[in-house]
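Engineer: Have a look at this one.
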Amino acid sequence: MSTRRKSLTIACVTALTAFGIAACGGDSGGGGGEASGGGKGGDINVTMTSFPDYIDPQLSYTLEGWEVMYNVYTPLLTYKHAKGEAGTEVVPALAKALPEVSADGKTYKLTLRPNMKYSDGTPIKASDFTYAIQRLFKADSGGSVFYEPIVGASEYAEGKADTIAGIKTDDATGDITISLTEPNGTFDGLLALAFAAPVPPTTPLDKDATPKPPPSSGPFMITNVEAPQTMTMERNPNFQTVKDAGATEVADAGVDKITITQNKSNSAQVTGVQQNTIDFMVDPPDADRLAEVKAKFSDRFRMEDSINTYYFWMNTQTAPFNDLKVRQAVNYAIDPEALNRVFGGRLHPTQQILPPGMPGYEEYKLYPGPDMAKAKALLAEANPADKDITVWTDDEPDRKRIGEYYHDVLTQLGFNATLKVIAGDVYFTTIGNQSTPDLDTGFSDWFQDFPHPDDFFRPLLNGASILPTNGNNFSRVSIPELDAKMDKLLEQQLTDDVKKQYAELDKAYMEQAVWAPYGNEEFTTFLSERMDFDKSYHHLLFNQDYSSFALK
Amino acid sequence: MGGLIGEVEAPGEPPLPVGVPAEELRGSSPWRLAWMRLRRDRMALAFGVLFVLIVLVCLAAPLWADHVAHTGPNQNHITDKVIRDGQETYVVAPDGTPLGPGLHGQFLLGADQNGRDVMVRLLYGGRTSIFIGVIAALVTTVFAVLVGLVCGYYRGWIDAVLSRALEVVWAFPVLLLGIALGTTLSLGGLKIGSLVVAGDSLWIPILIIGFVYVPYMARPIRGEILALREKEFVEAAVAQGKGPIRIMVSELLPNVASTIIVFFTLNIANNMLLESSLSFLGAGVRPPNASWGTMIADGYQTIYTAPHLTIVPGLMIVLTVLALNVFGDGLRDALDPRAKIRLEH
């Protein structure tokens, strides 16, 4: 998902990538997942620099949003509530067990646990899963691309069918059968995302539900949203029905109420946590405060691993970035070390798509530099007729600085660049909307949705991901032979050979210079003195696990 | 020794300069009399000179950038090194800490987090802020005078319509209106017929600021014109067969000139403050361009570790606005000491 923090090499998550056509059924049996929650209750305050893009499980696709969704909307399967690599394990949630997968890898069977209720008392039904998947397509979710392999999904999306033929549900028994057009090595992981979390049919099918979010099926429910300023999460009074149904892997809430507020001043947030008026700040302290926080508050501050890539996208379908030489010139001109300093030294410099810790990552460097002379020479060769470009970034302080740096680099290369800085909470929806004018190039980032390299290619670089709205293929990349390779790899288990092929895919895209990647970010946890620092942990996929928050 | 002031004062006219020999006053034009009064107001003159100095220093920004700092206002030097105390030092350290101020041509006021020379940005920022202040004041003045003259002269339905329109604008707090317009226009720019202004153009904050202050200047001018309209000299002009436009331009306008001049001066100061506020809130000057407002916005994020990044541009705004206000007050006293011209909002 787009937006925000974290990074650093995580020793291979490979072994945990238990995806693939061989994924077999059976009860997870709990496995002793770290029991989050169970705190003494109480109210806490959380701040974020940018409000979530949507408060809607099918639409939200930013880290800020997923951080909230993870503990509000429970899918059939979920990622274990545990820190580190353990958190990348898929376990049953609303479903009784992991899916039974047919021998050909195309049919998934699950059964919903009985007698569960949403926060408003509405029973959770098997057909609510179908409704959630339908919403993905009707509301133009950026996550819909992942679920296209479901039989009949494309026809439904195009309006040629009234329902998705590949999903059969029985509300009486709770049985859910999903048929895929091809085997899909990531499908377990996809069922564990909030995109696929059941919602009641009273939720608008084709509209953003942010003003009135659907009732919850997780430990917290959303009781107030005043986007983009504030929102409130409170304990879900009906969550016990989910627990009673046997969903032991879904963590309970450790506090009674979380008030989330948008605060554009990172420095004020740091001071707030220092003075205990803010209990947790989502964003890492800015470079100028980081050293002070590290030195003075080591008992409630730590660096956190994360798997992400920061990059500049370039619209490959319009001039001047439809010219390979222009895109290569940008890659030569960018200095990842300069950008590392903007992050206060929290960035691991890179020039490739897959981040360290992601299966398939193999370090390489196609554009050694920064080499401004080489960049200018390439640009002179390309001699683009159109040098008027718009550079996009958002208004979070570090993003703004990144945008200003990039603007300066492009100006030095001879472009007549205009910098557009827009609010962080609408940034990705704005640049993901094809009707927005002047989408030439700009800032972006990507945090893993699930520990499979396909997550860094399909939503970001596959031709099918060029969507009218909520798209994530900002470079509008469509290279049919690489799309085909991507599809072929997805059908296979993540063996060493497949990982090698993903590494080759990474290189093949960067030979086309579809992005100008520059770093992988390290995240932080900084809590107030009131909070139980040892209990709270950073989840590798969803940033901070809000169910782990507890007061001392 | 001639008689002192007051001896040749005419009823209804501004008081004459104090302490000036009567023979010197005789035959002097109102402008000369005003200059005499202003000359004796040392405080106003000192601040007027200060404003001129600030303008001159800011105008010299390219000279400083090219010959002293050797860098432009938007040029990043994040990984560059400079010599400090005989040692090579990064402009921005690996942990992101920017270079502090020092007695060197380059980075005299240090660097910001993008490794840009703060002194160069301060000078260019001053140019931007003053340019916007002055041009927006001109925009306000042109429209306010036009509306004030037309409303005050024609009265009736024209006055009613235009006055209501002014009241609509007046009804919105200046800052809120500025933010609303600035945020909207910054994305798509301004397109009115063949007039197209890009979203990042300096003309966007100029037009916004110029527009929002029109009612504040137009209403008092209208009031004065309404009063002047009843005077005998206007009736005489009508009797002589002069047309409305001629009467407005040659009879009425000169009589409100002093008001306009004072308003114009005070308006520059207000415009600079509004520009800074809008830029601070992200609805004024577009990054990476520098203005004192954008510099404060950039600097306040680092106020704990590098307070000078906020304080220096803030101080420049205070000095410039103070200079303009004191000078404007002096000018008002010189042109018409009995006037109560004040730009309130």
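The values are calculated or read from the model by the stated rules, or taken from the named source; none is laboratory data. Since this is a predicted model, take the numbers as computed values, not measurements. Note that each Cβ is placed from the backbone with ideal geometry, even for glycine, and that neighbours are counted across all protein chains shown.
Engineer: Name every residue in the stretch B:288-307 that is touching a residue at least 24 places away in the same chain (Cβ under 8 Å) and assigned to a loop (DSSP other than H, G, I, E, B), in order of residue number.
Structural biologist: Residues satisfying the conditions are B:P288, B:N289, B:A290, B:S291, B:T305, B:A306.
Engineer: Would you pick out the residues in the stretch B:46-88 that are buried (at least 17 other Cβ atoms within 10 Å of the Cβ), within 14 Å of chain A (Cβ to nearest Cβ) and either assigned to a helix (DSSP H, G or I) or without any contact (Cβ under 8 Å) to a residue 24 or more places away in the chain (or both)?
Structural biologist: Those that are buried (at least 17 other Cβ atoms within 10 Å of the Cβ), within 14 Å of chain A (Cβ to nearest Cβ) and either assigned to a helix (DSSP H, G or I) or without any contact (Cβ under 8 Å) to a residue 24 or more places away in the chain (or both): none in the stretch B:46-88.
Engineer: Cβ-Cβ distance below 8 Å, separation of 6 or more or different chains: which pairs start in the stretch A:284-296 with a residue that is facing chain B (nearest Cβ under 10 Å) and closer than 17 Å to B:P94 by Cα and end on one that is in a helix (DSSP H, G or I) and among the basic types (K, R)?
Structural biologist: Correct list of pairs: A:A287/A:R341.
Engineer: So A:V273 passes all but one of these: (1) under 29 Å from A:I55 (Cα atoms); (2) within 14 Å of another protein chain (Cβ to nearest Cβ); (3) out of contact with any Leu (no Cβ under 8 Å at 6 or more places or on another chain). Which condition number does it fail?
Structural biologist: Result: A:V273 passes all but (3).
Engineer: In the stretch B:106-118, what residues are surrounded by 24 or more Cβ atoms within 10 Å (Cβ to Cβ) and on the phi < 0 side of the Ramachandran plot?
Structural biologist: B:A111, B:D112, B:Q113, B:N114, B:R116, B:D117, B:V118
Engineer: Look through A:G463, A:G471, A:G432 and report the one residue that is more than 14 Å from every other protein chain (Cβ to nearest Cβ) and without any contact (Cβ under 8 Å) to a residue 60 or more places away in the chain.
Structural biologist: From the options A:G463, A:G471, A:G432, the qualifying one is A:G463.
Engineer: Step by step: first the residues of the stretch A:227-245, then only those that are more than 14 Å from chain B (Cβ to nearest Cβ) and at pLDDT below 95, then the one that is nearest to the chain's Cα centre (by Cα). Which residue is that?
Structural biologist: Filtering first and then ranking leaves A:A227.
Engineer: Is it the case, given these coordinates, that A:K264 is in a loop (DSSP other than H, G, I, E, B), within 14 Å of chain B (Cβ to nearest Cβ), of a type in the set (K, R) and farther than 18 Å from A:I222 by Cβ?
Structural biologist: yes
Engineer: So A:M358 clears everything in (1) within 11 Å of chain B (Cβ to nearest Cβ); (2) at pLDDT below 95 except one condition, right? Which one?
Structural biologist: Among (1) within 11 Å of chain B (Cβ to nearest Cβ); (2) at pLDDT below 95, A:M358 violates only (1).
Engineer: Right, next: Determine, yes or no, whether A:A377 is surrounded by 24 or more Cβ atoms within 10 Å (Cβ to Cβ) and more than 14 Å from chain B (Cβ to nearest Cβ).
Structural biologist: Details: surrounded by 24 or more Cβ atoms within 10 Å (Cβ to Cβ): no; more than 14 Å from chain B (Cβ to nearest Cβ): yes.
Criteria not met by A:A377.
Engineer: Before we move on, is A:S306 away from chain B (no Cβ under 14 Å) and in contact with a Lys or Arg (Cβ under 6 Å, 6 or more places away or on another chain)? Walk me through how you get there before you give the answer.
Structural biologist: Values: away from chain B (no Cβ under 14 Å): yes; in contact with a Lys or Arg (Cβ under 6 Å, 6 or more places away or on another chain): yes.
Here the answer is yes, as A:S306 does meet what is asked.
Engineer: Right, another one. Just one of the numbered conditions (1) modelled with pLDDT under 95; (2) assigned to a strand (DSSP E or B) is not true of A:T111; which one?
Structural biologist: The single condition A:T111 does not satisfy is (1).
Condition check ((1) touching a helix residue (DSSP H, G or I) at 6+ places or on another chain (Cβ under 6 Å); (2) within 12 Å of chain B (Cβ to nearest Cβ); (3) under 21 Å from A:P320 (Cα atoms); (4) not charged (D, E, K, R)) across all residues:
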| site | (1), (2), (3), (4) |
| --- | --- |
| A:A382 | yes, no, yes, yes |
| A:T390 | no, yes, yes, yes |
| A:E396 | yes, yes, no, no |
| A:V409 | yes, yes, yes, yes |
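Engineer: Here's a check for you: in the stretch A:411-429, which residue that is surrounded by 22 or more Cβ atoms within 10 Å (Cβ to Cβ) and either assigned to a helix (DSSP H, G or I) or in contact with a Phe, Trp or Tyr (Cβ under 6 Å, 6 or more places away or on another chain) (or both) is farthest from the other protein chains (Cβ to nearest Cβ)?
Structural biologist: Per the stated criteria, the residue is A:F428.
Engineer: With respect to B:V212, is the statement that it is surrounded by fewer than 18 Cβ atoms within 10 Å (Cβ to Cβ), aliphatic (A, V, I, L, M) and in contact with a Gly (Cβ under 6 Å, 6 or more places away or on another chain) true?
Structural biologist: Considered against the rule, which asks whether it is surrounded by fewer than 18 Cβ atoms within 10 Å (Cβ to Cβ), aliphatic (A, V, I, L, M) and in contact with a Gly (Cβ under 6 Å, 6 or more places away or on another chain), B:V212 comes out as no.
Engineer: Further question on the same structure: Which condition does B:I245 not pass, out of (1) in a helix (DSSP H, G or I); (2) under 20 Å from the mean Cα position of the chain (by Cα); (3) surrounded by fewer than 22 Cβ atoms within 10 Å (Cβ to Cβ), if it passes all the others?
Structural biologist: (2)
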